[in-house]
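The values are calculated or read from the model by the stated rules, or taken from the named source; none is laboratory data. This is a predicted model, so every value here is computed, not measured. Positions of Cβ are generated from backbone atoms using ideal geometry, with glycine treated the same way; all protein chains shown enter the neighbour counts. Ligands, DNA and RNA are excluded from the accessible area calculation, which covers all protein heavy atoms including side chains. Shrake-Rupley method; radii C 1.70, N 1.55, O 1.52, S 1.80 Å.
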Amino acid sequence: NYWNAASFVTSSSYLHFSTFQGETSADISFYFKTSASDGVFLENLGNTDFIKLELKSATEVSFSFDVGNGPVEIIVRSPNQLNDDQWHRVNAERNVKQASLQVDQLPLEVRKAPTEGHTRLELYSQLYVGAAGGQRGFLGCIRSLRMNGVTLDLEERAKVTPGVKPGCSGHCTSYGMYCANGGKCVEKYNGYSCDCSKTAYDGPFCIKDVGAFFEEGMWLRYNFHSPGTSMKDLVSRTLLSSTDPETTAPDLNLNKEELSFSFSTTKSPCVLLYISSYTQDFMAVLVKPSGNLQIRYSLGGTKEPYNIDVDHRNMANGQPHTVNITRTGRDIVLQLDHYPPTSYSLPTASDIQFNSPKALFLGKVIEIGKIDQDIYKYNTPGFTGCLSRVQFNQIAPLKAALRPTNASSHVHIQGELVESNCGASPLTIPPMSAATDPWHLDSASADFPYNGQAIGDGVNRNSAIIGGVIAVVIFTILCTLVFLIRYMFRHKGTYHTNEAKGAESAESADAAIMNNDPNFTETIDESKKEWLI
């Protein structure tokens, strides 16, 4: 119901619904879009009671009602124009304690209900959305109208009501920016959609990567003309040209290219992408045996191709990398991953037109005719890894191969192409090497901060750190010794005796022994007996 909407084309247009049942509570929310400065959104009347929401001016929204205690009006004033033909949200609430009104994210306006008086909102007429009672109605579009949790079917009622049209136009004005990566916003009567056909992406907002995993020896060829199409028929084709109509030449000679893709691999050397032509012109993106990236342009006018070597980074590290190449005339701009773009320029003697492009290859070059010697060497065994979101001007060869489109007839594949989202993995920045890490103590080429500079009484920072560590070790040893000594001598100064029990109450030591040892007592008693002979 989010896009259930109606367009009010005249100031007298309205829709009517059954009476709003909101005696003790009312919760009303909707979105509106207009270029008019005022108009009634909705109204429902009783004998004296009423409830109404309206656009009072280009910057004011009003919520008014009467439950029998006199009219109450709450106004929200916006610092910006509300008739800017953009969507704005209104939320009005009323209960027996208070009423409130909010527009977009502006502060909530609240009005407390009187402690005494009427509390029930008694309505009898129909609910009017738009013009009511001769008032100037709302001009524009209202959608997602909810009253006490129930969404009113504006579209269905608008189909049978003159002056009101189902749905809204101009959604792309407000939401077109959500169509990403070159996707085109398409208007619909109940919303909008994103046309991703001219992009290398998929999904509702053109943000889903379309990629595939290439096994060793696998390759893809995209022909810039359909099988059986003569060169004369190519004159009317504009897919290969850039989005700028002025760069479209009748003979398909390109003055501008825009190439972007993502890849990940652990094998080198290999050919990532190659564009051939019906002449000797070509463009190639390679991974050299060292793992570094190289871009080659051969547009004629020079004996050797123009090479752009990116020697400062290993691209065959298994991580996903993004490549963006733009050429306009002699100027080339290269951007890798999240690093700043770098500008290059073709030699003065070089031609600036890519003459008669023929085919685009991914993974391996299988082309008839002469091929650059280095590219021929890098062609075996071929690329192994992931390629995704490949786009050359308005052509997306991988997407054409994986999605049934009109361009699928241009694609030829050797091997089994398996779709994968491997290109969507985030780039993981590897740790710095010891030679370039300034915080690595053993680095010979990097200066540690304050290394060799005196601190305090002449002891450098390294010595201070070592001294601190030694002090901690000594302190730990001393604490351990103290604990052991206390444990070993915890009974020192105490002793145990076998003194007879009851000795403290006996008259003498002998008495204590006699009391404690019954055998001893018997012996004494026996010895004390007298015998008469």
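On the protein heavy atoms, probe 1.4 angstrom, tell me the percent of accessible surface of the range 5-166 carried by carbon and sulfur. Before the final figure, lay out the partial values.
Details: 3480 of 7580 Å².
Here carbon and sulfur together make up 46 percent of the probe-accessible area.
List nothing, just return the count: lysine pairs in the range 5-166, 8 or more apart or interchain, with Cα separation under 25 Å.
11
Go through 383-393, 34-44 and give me the packing order, highest mean Cβ count within 10 Å leading.
Packing proxy ranking, top to bottom: 383-393, 34-44.
If you add up the charges near GLN21, with Lys and Arg at +1 and Asp and Glu at -1, over every other residue whose beta carbon is less than 15 angstrom from its beta carbon, what do you get? Working shown, then result.
Numbers: positive: ARG94, ARG120, ARG146; negative: GLU23, ASP27, ASP49, GLU122.
Residues close to GLN21 contribute a combined charge of -1.
Given a 1.4 angstrom probe, what's the average accessible area per residue across the range 1-75, in square angstrom?
Numbers: 2750 Å² over 75 residues.
Value for the range 1-75: 37 Å² per residue.
Students often check this: by mean Cβ neighbours within 10 Å, which of 49-62, 153-166, 354-367 ranks highest, and how do the rest follow?
Details: 49-62: 19.9, 153-166: 17.4, 354-367: 21.5.
Result, highest mean Cβ count within 10 Å first: 354-367, 49-62, 153-166.
Nothing charged except the Cβ atoms of Lys and Arg (+1) and of Asp and Glu (-1): what's the magnitude of the dipole of the range 5-166 about its Cα centre? Round to the nearest 20 debye.
On the way: 16 positive and 19 negative charges, 38 e Å.
So the magnitude is around 180 debye.
Order 70-81, 195-206 from most to least packed using the mean count of other Cβ atoms within 10 Å. Walk me through the numbers on the way to the answer.
On the way: 70-81: 13.7, 195-206: 18.7.
Sorting 70-81, 195-206 by mean packing, highest first, produces 195-206, 70-81.
What number, in percent, do you get for the relative contact order of the range 5-166 if the mean sequence gap of Cα pairs under 8 Å and at least 6 apart is divided by its residue count? Before the final figure, lay out the partial values.
Details: 441 pairs, mean separation 66.0, N = 162.
Averaging sequence separation for qualifying contacts and normalising by length gives 41 percent for the range 5-166.
Carbon and sulfur atoms: what percent of the 1.4 Å accessible area of the range 262-393 do they account for? Present the calculation step by step, with values, prior to reporting the outcome.
On the way: 2660 of 5330 Å².
Heavy-atom surface of the range 262-393 belonging to carbon and sulfur, 1.4 Å probe: 50 percent.
Using alpha carbon centroids, what distance separates the range 268-314 and the range 72-92, in Å?
58 Å
With only alpha-carbon pairs counted, each pair once and no self-pairs, how large is the Kirkwood hydrodynamic radius of the range 1-87 in angstroms? Provide the component values of the computation, followed by the final result.
Values: mean 1/r = 0.0692 Å⁻¹.
When all Cα pairs of the range 1-87 are included, the Kirkwood radius is 14.4 Å.
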